[in-house]
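> Following this message is one structure expressed as structure tokens.
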Amino acid sequence: MYKILIVEDDPTISKALQTLLENWDYEVLCCKNFKDIMSDFISFEPHLVLLDISLPYYNGYHWCATIRAVSKVPILFISSASDNLNIVMAMNMGADDFISKPFDFTVLVAKIQAVLRRAYSFTGQTRAIEHTGVILNLNDTTVSYKDQKIELTKNDFRILQMLMENAGKVVSRNDLMTRLWESDEFVDDNTLTVNVTRLRKKLEEIELYDWIGTKKGMGYWIE
């Protein structure tokens, strides 16, 4: 069953869309937390996103760019702001189609079906971990925050993945070293410190300052 995420501020429209699409046997989730749409995106793992331009806090272009930083999932804009400038901007941001409001439900469903058919000739779903707006993409070992993205080394990625998988908990140095070198053999403890220091400096490039904390004598953690 295909899953569709609806990002629409008007509850009347989002409810009508949900009812329509569920009648077509799609699994549907309507976003309610417009401050953090990526939480729903990561947890729900939709096959397609219906996205309005006018939204609280951040507009649809912002969320389109944020999703595109980590995923190839199809994005269909639905908006009454259907002038040529907005349509061109949406397509340039990575949208797959633009549907003007008010729209005919039959046409909308036909467009959704066509986009899904085209899109899922590619394999695999986006695999990612999200915490407080930080997105670790498990497919290409990049980390994104506030529309900024950096590539990680193998060691950077392994450290950050383990810390984000255990967010809110202290991860011991021994556990990190085992994950890092995938071995129970002795590794110089200072080598882990060097790797964490390097990772912290790299995260500062995307404005993540002091994001990895230290519990003296125990290990590291992310709040």
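> Of the residues that sit in segment 84-118 and are among the β-branched types (Val, Ile, Thr) and modelled with pLDDT of 85 or more, which one is farthest from Gly60 (Cα to Cα)? Spell out the reasoning first.
First pass over segment 84-118, keeping only residues among the β-branched types (Val, Ile, Thr): 87-88, 99, 106-107, 109, 112, 115.
The next check asks that each one be modelled with pLDDT of 85 or more; those that pass are 99, 106-107, 109, 112, 115.
Details: Ile99: 14, Thr106: 24, Val107: 22, Val109: 21, Ile112: 18, Val115: 19 Å.
My answer is Thr106.
> Additional query: Could you say whether any residue in segment 90-104 is in contact with a helix residue (DSSP H, G or I) (Cβ under 9 Å, 6 or more places away or on another chain), outside the structural domain of Ser144 (by TED's automatic domain parsing) and assigned to a helix (DSSP H, G or I)?
yes
> Could you check segment 137-161 and list, in sequence order, the residues that are crowded, with 17+ Cβ neighbours inside 10 Å and part of a helix (DSSP H, G or I)?
Correct list: Asn155, Asp156, Phe157, Arg158, Ile159, Leu160, Gln161.
> Looking at segment 123-136, is at least one residue of a type in the set (Ser, Thr, Tyr), at pLDDT below 85, outside any strand (DSSP E or B) and farther than 23 Å from Ile78 by Cβ?
Step one: list which residues in segment 123-136 are of a type in the set (Ser, Thr, Tyr), which gives 123, 126, 132.
If we keep only those that are at pLDDT below 85 as well, we get 123, 126.
Remaining after also requiring outside any strand (DSSP E or B): 123, 126.
Imposing the further condition that a residue be farther than 23 Å from Ile78 by Cβ reduces the set to 123.
Yes, some residue in segment 123-136 is of a type in the set (Ser, Thr, Tyr), at pLDDT below 85, outside any strand (DSSP E or B) and farther than 23 Å from Ile78 by Cβ.
> State whether one or more residues within segment 164-183 are modelled with pLDDT of 90 or more, over 17 Å from the mean Cα position of the chain (by Cα), over 14 Å from Ile222 (Cβ atoms) and part of a loop (DSSP other than H, G, I, E, B).
Checking segment 164-183: not a single residue is modelled with pLDDT of 90 or more, over 17 Å from the mean Cα position of the chain (by Cα), over 14 Å from Ile222 (Cβ atoms) and part of a loop (DSSP other than H, G, I, E, B).
> Answer yes or no as to whether Thr106 is within 30 Å of Thr191 (Cβ to Cβ) and surrounded by fewer than 17 Cβ atoms within 10 Å (Cβ to Cβ).
Working: within 30 Å of Thr191 (Cβ to Cβ): no; surrounded by fewer than 17 Cβ atoms within 10 Å (Cβ to Cβ): yes.
Answer is no for this residue.
Table: residues versus (1) more than 17 Å from Gly133 (Cβ to Cβ); (2) β-branched (Val, Ile, Thr).
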{"position": "Leu5", "(1), (2)": "yes, no"}
{"position": "Lys15", "(1), (2)": "yes, no"}
{"position": "Glu22", "(1), (2)": "yes, no"}
{"position": "Ser43", "(1), (2)": "no, no"}
{"position": "Asp52", "(1), (2)": "yes, no"}
{"position": "Val70", "(1), (2)": "no, yes"}
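> Inside segment 1-55, counting only strands (runs of 3 or more DSSP E) that do not spill past its ends, which hold 3 or more residues that are surrounded by 19 or more Cβ atoms within 10 Å (Cβ to Cβ)? Explain how you work it out, then say what you get.
Details: elements: 3-7, 27-30, 48-51.
Result: 3-7, 48-51.
The values are calculated or read from the model by the stated rules, or taken from the named source; none is laboratory data. Note that the structure is a prediction, hence the values are computed from the model and not measured. Every residue, glycine among them, receives a Cβ derived from its backbone with ideal geometry; neighbour counts consider all protein chains shown.
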